[in-house]
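Worksheet for the structure shown next.
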Amino acid sequence: MLPGFAFFKGSIVPYSEAKVGVMTHSLNYGTAVFGGVRGYWNEQEEELFIFRAMDHYKRFLNSAKLMLMDLGTSAEDMTRMTIELLQKEGLRQDMYIRPLAYKGDEIIGVRLHNLTDEFTIFAVPFDKYVSNDTGAHVTFSSWRRVDDNMIPARGKIAGAYVNTALIKTDAVRAGFDEALVLNVDGHLSEGSAENIFMVRDGKIITPPVTDNILEGITRRSVIELAQEELGVEVIERHIDRTEVYLCDEFFMTGTAAQVTAVTKVDHRPIGNGEMGPITSQMRKLYSDVVRGKVKKYRHWNTPVFEKMLVK
Ligand code: PMP
């Protein structure tokens, strides 16, 4: 389904008017950055809550900074624009929100400097990203994660997603649900578009932000929830490939993937081959938190329809 509207060149316009020319710099050279944010519909309250909007927009502006973009806006402004856009769309269901900043010049020549920075936001209804999210079967990709000195993985940079696309397509065509990807040094980095977590001996272990991962908002949320609510210690350190074969539980996190349980890797069962207790508790807790059902974390939920900005 296409969006009804888009925030484009400073105002909300019908989606059909939000167009760029084929010569646009970012379309030719991958010089765009994006975000992925979810809006969750809460049936009881009849409200749509954007999850961690400010944190997503802060990361989005950091990605833009890496690409020498000055968007002349703030995380607060972008959150307000998103509320306006979602009000205009008026859909009472789960949504996926995509902010995108791009070098908008129609010009030949690869570079970052002396170009015009533009941004747009659009939103579409969205359900699951990994269909088998209670028992995904993953593989170790033969591709390696881009290194910080090649294309910074901590930014959501459009061009870098060619790496993701290669990883994902090979995994899916080989019959797997998702792929895990190693760094050039052979340590586990993340999934194709998810951060990863391993449970060993009751502790949660995840790679540090210096392992060419995207600094995931879901990752950050899960670390806090694990420590604060489940009382489980979280350790950030390198992970070896064969530790995954021996771990008790494994899950992947992302705005789209949410908390996806992984129960098999390269045909080897993880633990007893079923979703484990920590993963299962985290899935339940995360799903309550994102829908605004946990008071303590309500500051992560921005209501969309509470104050109508759009006439
Ligand atoms: N890694 C990559 C490469 C991603 O594209 C994503 C999805 N944005 C993630 C991790 C998860 O990040 P987040 O929890 O912020 O969505």
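So the values come out like this:
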{"quantity": "Rg/Rg_globular for segment 140-262, with Rg_globular taken as 2.2 N^0.38 Å and Rg from C-alpha atoms", "calculated": "1.00"}
{"quantity": "Cα-Cα over 26 Å, subset of LYS65/LYS128; LYS264/LYS295; LYS9/LYS65; LYS264/LYS296; LYS156/LYS264; LYS88/LYS295", "calculated": "LYS65/LYS128; LYS264/LYS295; LYS264/LYS296; LYS156/LYS264; LYS88/LYS295"}
{"quantity": "On Cα atoms only, tilt of 53-66 relative to the major axis of the chain in degrees", "calculated": "80 degrees"}
{"quantity": "Which of ILE235, ILE50 has the fewest Cβ neighbours within 10 Å, and the rest in rising order", "calculated": "ILE235, ILE50"}
{"quantity": "For segment 56-135: Kirkwood Rh in Å [reciprocal of mean 1/r, alpha carbons]", "calculated": "14.7 Å"}
{"quantity": "Residue-averaged 222 nm ellipticity for the chain, from DSSP H runs of 4+ at -39500 (n - 2.57), nearest 500", "calculated": "-7500 deg cm²/dmol"}
{"quantity": "C-alpha long axis of helix 277-290 to longest principal axis of the chain, angle in °", "calculated": "20 degrees"}
{"quantity": "Cα point-scatterer Debye curve for segment 205-259, base-10 log of I(q)/I(0) at q = 0.12, 0.14, 0.19 Å⁻¹", "calculated": "-0.28, -0.39, -0.74"}
{"quantity": "nm² value of the averaged projected area, convex hull over the Cα atoms of the chain", "calculated": "16.0 nm²"}
{"quantity": "Square roots of five times the Cα gyration tensor eigenvalues for segment 241-311, Å", "calculated": "35, 13, 8"}
{"quantity": "Kirkwood Rh, angstrom, segment 5-125 [1 / mean 1/r, Cα pairs]", "calculated": "15.0 Å"}
{"quantity": "Amide N of segment 84-100 lying under 20 Å from the label point, which is placed 7 angstrom from the Cα of GLU43 along Cα→Cβ", "calculated": "91-96"}
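We did not get these values from a lab; they are worked out from the coordinates using the rules stated. These numbers come from a predicted model, not from an experiment. Cβ: placed from backbone, ideal geometry, glycine included. Neighbour counts: every protein chain shown.
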